[in-house]
Amino acid sequence: MQHVAVNDPASSVGPMPPASWLGELWPRLRPWLVGLIGIVLASAIGLALHAVLREVRYVDVMAAMHLTPTLDLALALAATALSYLALTFYDASALRYAGAQVRRGTVLLTSFVAYALGNTIGLGPLTGGAVRMRLYAAAGLEPPQIARAIVFNAAAFAIGITAFGAIGLAWGASEVAPLLRLPPLLLRAVALGMLLVLALFLLLCARRRTLQLGRWTLRLPLPGLAVRQLVISALELTASAVALYVLLPDSDLSLHSFLAFYAIAIAAGLISHVPGGLGVFEAVMLLACTPHMRAEAVLGALLLYRGLYYVLPLVLATGLLAAYELRSGVAAPVGRVAVHLSPRLMAALALVAGLWLLVSGVTPASDEAAQLLAMKVPLPLVEASHFLGSVAGLGLLLVARGLLHQLDAAWWAALALSVVAAVLSLPKGIALNEAALLSTLALLLVISRRQFDRRSSLFAQRLEPEWLLAVGGVIAACVYVLFFAYQEVQYANRLWWQFEFDANAPRSLRALVAVALIGLAFCLWQLLRPPAGEVARPTSVEMARAEAIARANPSSDACYALTGDKHLLFSPSGRSFLMFGKQGRSWISLFGPVGAEDEWSDLVWRFVETATAHGGRAAFYQVRPETLPLYLDCGLQVFKLGEHAHVPLRDFNLKGAKRANLRSGVNRGEREGLDFEVLLPERVGALLGELREVSDAWLAQQRSREKGFSVGSFDPAYLQRLPVAVVRREGRVIAFANLLCTEVHREASVDLMRYRPDAPPGTMDFLFARILLHLQAEGYERFGLGMAPMAGMAERRRAPRWQRIGRLLFEYGERFYNFRGLYSFKDKFQPVWEPRYLAAAGGAAPLFAVIDVAALIGGGVKGVISK
């Protein structure tokens, strides 16, 4: 059933002004412009590689790889292990800088998984930062501490590679100079200048605790920690460089010169933002090493290095997280979170496997494999396995995004593709390494089955332009590999129908054309799909379904779905929903998902994807702390909005100084002859006329108008769905409040609270106190007083900027909103305060979301400016 109705926008949207048109067009153009820059960069890398590899033959590269001594491979593995072990000290130093303490085992797990994923996918501060945010949060760290640790990690690596490259450049300037076409003396001067800057930085750490960089204030590490980090960086980078150096053949290239080249290649890969620096790193190392050794030997060593330093740790990290699945009932919080991170690594591993299959499909099998196949395997089976294996590689690239989003359909597709491709790898060319990788992927998918529980169709997913451009880039790279592998083969029409055991070029050509055609068709289908329209208001059937779910929910927040002014997104089973409003490009969910908790993750993902498909930005308003992992998993960031108050009702009474107003309000109300009554929903309709009079008088006195979204309005249909508490004087209703309560009897709250201007003083205190006592008698556990915006913001100087601004608004923003007065009113009930958050993308998205929330509540921009 389609729960988010889509209308044709062309029927109701007129011509847009140029500024609005450009504003709507820019979000769609931006990914394509970024992709165009990537294409230009990739083309430049390809041209550089082509110039270096012009005289290199594919068979010579394979021969160089197979002739690598076993001892060199063992040394490279040992250096890789040492490098990843040293990387864990990055995290240890970062945690010390952030003032946090975490168990050593958690640091080892987090660091290894973060770097294994970040090294392969690229954008380490984002990909590895997401891993750290999840695991360290599960270990009990606060988000600001984790953020400081992530920033320290990134800065420490930048400083470390600067020092590493400067020392190598100063030491090997005479050998680096010909490559850069600069005099050695100038290179040494640059290196010494870089070292001087680092020395000044250490001196600054010794003398100052903070550094002001424009608007940013940076807390400097202690001198001992800074020096320690430089030593760690030197050890880690040297170990990773040695892992490649021992794979290279003997030459006159000294180790210190190689270290300088390695630092330059790493920096170039980071600056390019290409995943893993793929192509950029190889181009720099080939240019640096080919004057000293054969290019085919260098390329063979680089391919082995990619496998040992990037692919193998990714497989081990994925297996490590999958191993947590085998532990029945993982009790440790870090273990539970680690299990939920496995889809990210599965997606990365599927990408690697897909790339491997595509490259394998455009390269020839070894002569020994061809001879063995000719004796044992029918030719049609060889042809079919080669063809289908390449198509399976493209399929793994396309389903990797679904794995990242934990789709069950993507899991089934990836499992089927990996199993089929693993079986076909043997008749294709006795590709044992390929079969091992695919079998490992299939096994890890089976172990991690429970993490892919989002029931959704693969064909319903819309791939982003960046993803489509990446698929096109991979196919273009495969074209280059094909021509590189078969550069001795002259093209002729007969190649297309040449079927022989040693006809590797025709077989690869047919497979690549099939992959290109399927990829082109898929990308065109994605681009030409009908655009999504505007979401529709919920129908009466959907409102009835939402009401049933809300009444069975423990939280009274779910009752806000009954106002009827929000859109509803239901889960496929119909057991849960998510209410949201749309303002401009913002799609804002109120309180997050409601209903069956096992469907919450899928609902959040679907909401983010639906908003993205509509060209919007998703945000979640007033979400609770325990639900934050749902939004962090989607790549969103969280920003504190304020504190929510609730009164525990089990031991509630009117005693104590802070409840003197309530106590005096009850006593005065009884002396004034006030009567309190709670009307069941079926009795509300008979009093709607009187309630309307009270509401209109209150709005006139407040010089206000009805609000919406997170606040109810006087709507007869809404009021008749819930109980209403009324206060009468001599039989006349003078005040009322509608009660948000559910059948679970755990939490209740109020929404509309209105009274006549002539009501005696203390009427609302009387109403509140009697509501609390009534709910206590009904067996409710707590009463929600709502949120106090901007309350509870951190007062420390190093608090995030968002919280510092919120603190200023709370202290000095009375002109715009009664922040302190609202907090003081709620605090007199002696409540328990709990933080509430906004989950949104980074950058300016939180600011736009807050502005659009205000517009939704006020009924538009005009409602924000006026009452």
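The values are calculated or read from the model by the stated rules, or taken from the named source; none is laboratory data. Remember, it's a predicted structure, so these values are computed and weren't measured experimentally. Glycine also receives a Cβ, built like all others from the backbone with ideal geometry; neighbour counts cover every protein chain displayed. Heavy atoms of the whole protein, side chains included, go into the accessibility calculation; ligands, DNA and RNA do not. Shrake-Rupley method; radii C 1.70, N 1.55, O 1.52, S 1.80 Å.
By its C-alpha gyration tensor, with a ≥ b ≥ c as the square roots of the eigenvalues, how is region 269-374 shaped: rounded for a/c under 1.5, else prolate for a/b larger than b/c, else oblate?
Here region 269-374 falls in the oblate category.
Just want the answer: with Cβ charges of +1 for Lys and Arg and -1 for Asp and Glu, which residue in T763, L445, A338 is farthest toward the dipole's positive end in the chain?
Toward the positive end, the furthest listed residue is T763.
Using alpha carbons only, how many degrees (0 to 90, rounded to 10) separate the axis of helix 504-528 from the longest principal axis of the chain?
With both axes taken from Cα atoms, the answer is about 20 degrees.
Roughly speaking, what is the centre-to-centre gap between region 395-438 and region 224-285 when only Cα atoms are used, to the nearest Å?
Taking the Cα centre of region 224-285 as reference, the centre of region 395-438 is 32 Å away.
Taking square-rooted eigenvalues a ≥ b ≥ c of the alpha carbon gyration tensor, is region 560-635 rounded, prolate or oblate, where a/c under 1.5 means rounded and, failing that, a/b exceeding b/c means prolate?
On the way: a/c = 1.34, a/b = 1.10, b/c = 1.22.
Rounded is the answer for region 560-635, as its axis ratio a/c remains below 1.5.
How large is ³J(HN,Hα) for each residue in region 393-398, as worked out from phi by the Karplus curve 6.51 cos²θ - 1.76 cosθ + 1.60 (θ = phi - 60°), to whole Hz, x for Gly and Pro?
x, 5, x, 5, 4, 6
Between A717 and S824, what FRET efficiency comes out of the Förster formula 1/(1 + (r/R0)^6) with R0 = 30 Å and r the beta carbon distance, rounded to 0.05? Before the final figure, lay out the partial values.
On the way: r = 35 Å, r/R0 = 1.16.
Computed FRET efficiency for S824 and A717 comes out at 0.30.
Taking 8 Å as the Cα distance limit and 6 or more residues as the minimum spacing, I'd like the relative contact order of the chain as a percentage. Numbers along the way, then the final one.
On the way: 1328 pairs, mean separation 98.5, N = 867.
Across the chain, relative contact order equals 11 percent.
Please determine, in degrees from 0 to 90 and to the nearest 10, the orientation of helix 600-613 with respect to the longest principal axis defined by the Cα atoms of the chain, where the helix direction is its Cα long axis.
80 degrees
Tally Lys and Arg at +1 and Asp and Glu at -1 over the other residues with C-beta under 15 Å from the C-beta of L649: what net charge comes out?
So the environment of L649 carries a net charge of +2.
Calculate the dipole size of the chain relative to its Cα centre from +1 charges on Lys and Arg beta carbons and -1 charges on Asp and Glu beta carbons; express the result in debye to the nearest 20.
Values: 80 positive and 63 negative charges, 568 e Å.
The calculated dipole for the chain is roughly 2720 debye.
What angle do you read, to the nearest 10 degrees and between 0 and 90, between the alpha-carbon axis of helix 143-171 and the longest principal axis of the chain?
Orientation of helix 143-171: about 20 degrees from the principal axis.
What label, among [x] 32.1, 105; [y] 37.4, 127; [z] 34.1, 113, belongs to Rg and Dmax of the Cα atoms in Å computed from the structure on display?
Only one option fits the structure, namely [x].
Determine, from the Cβ-Cβ distance of L517 and D367 and an R0 of 45 Å, the FRET efficiency 1/(1 + (r/R0)^6), rounded to the nearest 0.05.
The pair L517/D367 has a calculated efficiency of 0.90.
Determine the shape class of region 113-211: with a ≥ b ≥ c the square roots of the Cα gyration tensor eigenvalues, call it rounded for a/c under 1.5, and otherwise prolate if a/b is greater than b/c, oblate otherwise. Can you show the working numbers first?
Working: a/c = 4.63, a/b = 1.75, b/c = 2.65.
Here region 113-211 falls in the oblate category.
So, by mean Cβ neighbours within 10 angstrom, what's the order for 580-589, 711-720, 99-108 with the highest one leading?
Values: 580-589: 22.0, 711-720: 17.6, 99-108: 14.7.
Ranking the peptides 580-589, 711-720, 99-108 by packing returns 580-589, 711-720, 99-108.
Of the accessible area of the chain, with the probe set at 1.4 angstrom, what percent is carbon plus sulfur?
64 percent
For the pair E142 and A374, what calculated FRET efficiency results from E = 1/(1 + (r/R0)^6), where r is the Cβ-Cβ distance and R0 = 56 Å, to the nearest 0.05? Intermediate values should be presented prior to the final figure.
Working: r = 65 Å, r/R0 = 1.16.
Efficiency computed from Cβ-Cβ geometry: 0.30.
Ignoring ligands, DNA and RNA, what accessible area per residue does the chain give at 1.4 Å, in Å²? Could you put the intermediate results ahead of the total?
On the way: 39730 Å² over 867 residues.
Accessible area per residue, the chain: 46 Å².
Using alpha carbons only, how many angstrom separate the centre of region 329-380 from the centre of region 654-706?
First find each Cα centre; the distance between them is then 68 Å.
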